[in-house]
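One structure follows; several queries about it will come next.
The values are calculated or read from the model by the stated rules, or taken from the named source; none is laboratory data. Being a predicted model, the structure only gives us computed values, none of them experimental. Because the Cβ atoms are built from the backbone with ideal geometry, glycine has one as well, and the counts that use them run over all protein chains shown. Heads up: the accessible areas ignore ligands, DNA and RNA and are worked out on the full protein's heavy atoms, side chains in. Shrake-Rupley method; radii C 1.70, N 1.55, O 1.52, S 1.80 Å.
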Amino acid sequence: MVIVVLLVLAGCGSPVELPGFPEPARSVEEVARRLRPFELRGEHPYPAAGDVFQLCQGTFDPRAPAEPQGFPVLVAHLKTDPPVHARFMLMPGTEQAARLVAQAAQAARGCAGPASGTLGEGMDAETTVSAFGRDGWSGTQVITSGRAGSDTDDPFFYKPFTTGQLVVNKGAWVVDLGWNIRGGFGSPGADWAETGLKVSESVLAVADGAVTAPRAQDLMTRLVDALPDPGAYGERLKVWPRPFEPRQSREQGTGPR
């Protein structure tokens, strides 16, 4: 029994990365095909990748600028260790991609310092913001590390965690990544941040950074080009189905018309 426990503990810190791909993907469709065998389904990912201007742990900034719209995007939750929630965005050109990441880095600077918990969560943690640069990808990384638990718990029982959010670009790609490592007791591992970043690097390798714009022949590009400008829908637009809301609610008479 002791031998089994030691073997399990010895393997806990080993990152599980995506395998290398012979050729990186040049479109969101190709990214989707490569990532499909590695997707996690049926679980709500945390932390989610969703807005490059909302990277601060446990906070929402209503003054942050709105993301641009109207370009091919893919979102995937991956069976890496730690699991990575990734959003691949193919911008109209390299200048737009670099500008968006630079704006996100500027907004992220306000995250640095003591981290606040989400509703109902107590936290003793610190957030660091720094530049990210690996294999030609560049951008910003926001790492929050510390201990957290219910705000009704004694701090002695808080559990350690390290959370990472990245917004980076290479060529016309902008990629938003989120991951989270948690422990049962004690303090965060000294290598947790590097583990998350190393696994994230394997996810970034899926996309070909030499791409300078979406290709006209790609399906997602044609669909985006066929849609009206996002501003044409008006302020009363409602998306159906809503996130996390069962489609059956409409049939039961409890959903929107």
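Does A64 count as open to solvent by 10 Å² or more (accessible area, probe 1.4 Å), at pLDDT below 85, in contact with a helix residue (DSSP H, G or I) (Cβ under 7 Å, 6 or more places away or on another chain) and of a type outside the set (S, T, Y)?
Details: open to solvent by 10 Å² or more (accessible area, probe 1.4 Å): yes; at pLDDT below 85: yes; in contact with a helix residue (DSSP H, G or I) (Cβ under 7 Å, 6 or more places away or on another chain): yes; of a type outside the set (S, T, Y): yes.
Yes, satisfied.
Out of all the residues in the range 177-206, which are over 14 Å from I143 (Cα atoms) and either without any contact (Cβ under 8 Å) to a residue 40 or more places away in the chain or under 17 Å from the mean Cα position of the chain (by Cα) (or both)? Lay out the reasoning, then the answer.
Of the range 177-206, the ones over 14 Å from I143 (Cα atoms) are 183-187, 199, 201-206.
Within the range 177-206, G183, G184, F185, G186, V199, E201, S202, V203, L204, A205, V206 qualify.
Can you tell which of T162, T140 is among the polar types (S, T, N, Q), in contact with a Phe, Trp or Tyr (Cβ under 7 Å, 6 or more places away or on another chain) and more than 18 Å from V52 (Cβ to Cβ)? Reasoning before the result, please.
On the way: T140 fails: more than 18 Å from V52 (Cβ to Cβ).
Being among the polar types (S, T, N, Q), in contact with a Phe, Trp or Tyr (Cβ under 7 Å, 6 or more places away or on another chain) and more than 18 Å from V52 (Cβ to Cβ) holds for just one of T162, T140, which is T162.
Moving to a separate point now. Wholly within the range 65-142, which strands (runs of 3 or more DSSP E) include no fewer than the required count, namely at least 1 residues that are touching a Cys at 6+ places or on another chain (Cβ under 8 Å)? Don't jump to the end; show me each part of the working.
On the way: elements: 73-78, 84-90, 121-134.
Strands (runs of 3 or more DSSP E) meeting the threshold: 121-134.
Then there is this: Checking the conditions here, which among E121, E126 is open to solvent by 40 Å² or more (accessible area, probe 1.4 Å), more than 29 Å from G70 (Cβ to Cβ) and within 20 Å of the chain's Cα centre (by Cα)? Even if it seems obvious, please write down each step before you answer.
Numbers: E121 fails: within 20 Å of the chain's Cα centre (by Cα).
Of the residues listed, the single one that is open to solvent by 40 Å² or more (accessible area, probe 1.4 Å), more than 29 Å from G70 (Cβ to Cβ) and within 20 Å of the chain's Cα centre (by Cα) is E126.
Find the residue count for the range 129-148, including only residues that are modelled with pLDDT under 90 and either open to solvent by less than 30 Å² (accessible area, probe 1.4 Å) or β-branched (V, I, T) (or both).
Summing the residues that are modelled with pLDDT under 90 and either open to solvent by less than 30 Å² (accessible area, probe 1.4 Å) or β-branched (V, I, T) (or both) in the range 129-148 gives 2.
Name the single residue that is nearest to A172 (Cα to Cα) among those in the range 81-118 being among the charged types (D, E, K, R) and open to solvent by 60 Å² or more (accessible area, probe 1.4 Å).
First, pick out the residues of the range 81-118 that are among the charged types (D, E, K, R): 81, 87, 95, 99, 109.
Imposing the further condition that a residue be open to solvent by 60 Å² or more (accessible area, probe 1.4 Å) reduces the set to 81, 95, 99, 109.
On the way: D81: 27, E95: 8, R99: 11, R109: 23 Å.
Ranking the candidates gives E95 first.
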